[in-house]
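Written below as structure tokens is the structure these notes are about.
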Amino acid sequence: MEWTDLIDTAFRVAGNSSQANQAEAVRTVEAVVIDGEKPVASTAGRHPDHFRKGVLVLTTHRFLFLKDGKPPVPVPLTAVTDVTVTRTRFNGDVLVLVALTGSHRFEDVVKAEVFAEQVRECARLARTAPPRAPAAIPAPSDAAPAELSAGEQLIGQLERLAALRASGALTEEEFGRAKQRLIG
């Protein structure tokens, strides 16, 4: 799947047939593509702060929200701790993406359950993939420092979750689910 196909499909689903908006979205995404990042899926949804639908894009590395040529709102998949879908009378299917960077809510999401499952799977793969070492710095050959690094990473992630809970960005239930996913 190519970036153009992915975004064109999502714009059609969103009901936005503006060729200019589609072309601008493709240029915006292609300008911020990470090395090795590939498109996975897309759908349409509305951010609670916006009236019209935007495009939700899932890649091998990130989740992006595109709206009217504005810079994408990226969420790294390694930071995603929970993805839920609820159905409401006024907002349709609501996708809530909880990450270490904060909680993100999208309303009236098309095929929300399918998209949520794709996000969960890509996030799981991103978290379990071996970290890529920079080309200039060789990967450590000792197993002990890598384990210590993983432990330090887990502690850092748990601390960020606790801070999000303390700030009110996460409910107690969301915090518990996210913590359970991190710990395994």
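The values are calculated or read from the model by the stated rules, or taken from the named source; none is laboratory data. These numbers were taken from a predicted model, which means no experiment stands behind them. Virtual Cβ from ideal backbone geometry, glycine too; neighbours counted across all protein chains shown.
A few remarks follow.
- Lone unmet requirement of (1) modelled with pLDDT of 90 or more; (2) over 17 Å from Arg46 (Cα atoms) for Ala129: (1)
- Subset of the stretch 45-104 (residues that are more than 28 Å from Glu172 (Cβ to Cβ) and among the charged types (D, E, K, R)): Arg52, Lys53, Lys67, Asp68, Lys70
- Highlighted here are the strands (runs of 3 or more DSSP E) found entirely within the stretch 30-127 that include at least 2 residues which are touching a Lys or Arg at 6+ places or on another chain (Cβ under 8 Å) and not small (Gly, Ala, Ser): 54-59, 73-76, 80-88, 92-99.
- Within the stretch 98-107, not a single residue is touching a helix residue (DSSP H, G or I) at 6+ places or on another chain (Cβ under 8 Å), buried (at least 23 other Cβ atoms within 10 Å of the Cβ) and within 17 Å of Ala41 (Cα to Cα).
- Residue in the stretch 84-91 that is over 30 Å from Ile155 (Cβ atoms), touching a Pro at 6+ places or on another chain (Cβ under 9 Å) and surrounded by fewer than 21 Cβ atoms within 10 Å (Cβ to Cβ) present: yes
- Candidates Arg62, Arg27, Arg12, Arg89: the one that is modelled with pLDDT of 75 or more and out of contact with any Asp or Glu (no Cβ under 9 Å at 6 or more places or on another chain) is Arg89.
- Of all residues in the stretch 145-173 being surrounded by 10 or more Cβ atoms within 10 Å (Cβ to Cβ) and not in a helix (DSSP H, G or I), the one that is modelled with the highest pLDDT: Thr171
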